[in-house]
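Read the structure below first, then the notes.
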Amino acid sequence: MNHFSYHSAQIHSAFENGKGQTRRNIVDIKNGEGYKAVETYTAKGDLKGRKEKKLTKDELDCIQKNKFVPGLFKDCIRSIKGGSRRSKRGKTRKPRTV
């Protein structure tokens, strides 16, 4: 059994259009199993949303070896924002008639 324990919480603040928003990235590992989570907060400090996912074996190995994992929180951020990445323009246009 692996007795590796690790915890990290990073806070990122952004001010867009006069509104402050804070994002918190969390990694927590205990006994070889862990999760990654992204929390977003409003300007007042209220929790707006949270998305948590289990870490993969490759991500666990890289974190344990103290290596940088590019894009670790991308899937959590994308799912917390909602919507799809595809443009909705094509769905609203009517077919062309000749």
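Every read-out reported here was derived from the displayed coordinates using simple, explicitly stated rules and does not represent laboratory data. What you see is a predicted model; the values in this text were computed from it and never measured. As a convention, Cβ positions derive from the backbone with ideal geometry for all residues, glycine included, and neighbour counts pool all protein chains shown.
Couplings 3J(HN,Hα) for segment 44-60, derived from phi with the Karplus relation 6.51 cos²θ - 1.76 cosθ + 1.60 (θ = phi - 60°), are 7, x, 7, 5, 8, x, 9, 10, 10, 9, 6, 6, 7, 4, 5, 5, 4 Hz, where x marks Gly and Pro. With the charge dipole of segment 6-81 set up from +1 on Lys and Arg Cβ and -1 on Asp and Glu Cβ about the Cα centre, the Cα lying farthest toward the positive end among the listed residues ILE26, THR42, ILE77 is that of THR42. Per residue, the average separation of C-alpha pairs within less than 8 Å and at least 6 apart gives segment 6-81 a relative contact order of 22 percent. Rounded to the nearest angstrom and listed largest first, the equivalent-ellipsoid semi-axes of segment 6-81 from its Cα gyration tensor are 26, 11, 11.
Close amide H pairs (under 5 Å, H built 1.01 Å from N) link LEU55 with GLY34, TYR35, LYS36, residues at least 5 positions away or on another chain.
Which peptide among 31-37, 52-58 comes first, and what is the full order, when sorted by highest mean count of other Cβ atoms within 10 Å?
On the way: 31-37: 15.6, 52-58: 12.1.
Listed from highest to lowest mean packing, they are 31-37, 52-58.
Listed by Cβ neighbour count within 10 Å, with the fewest neighbours leading, VAL69, VAL27, VAL38 appear as VAL69, VAL27, VAL38.
Return the subset of LYS19/LYS57; LYS44/LYS65; LYS19/LYS54; LYS19/LYS65; LYS36/LYS65; LYS19/LYS67 for which the Cα-Cα distance in this structure is over 28 Å, preserving the input order. The partial results should precede the final answer.
Working: LYS19/LYS57 38 Å; LYS44/LYS65 37 Å; LYS19/LYS54 31 Å; LYS19/LYS65 38 Å; LYS36/LYS65 17 Å; LYS19/LYS67 34 Å.
Check vs 28 Å cut-off fails for LYS19/LYS57; LYS44/LYS65; LYS19/LYS54; LYS19/LYS65; LYS19/LYS67.
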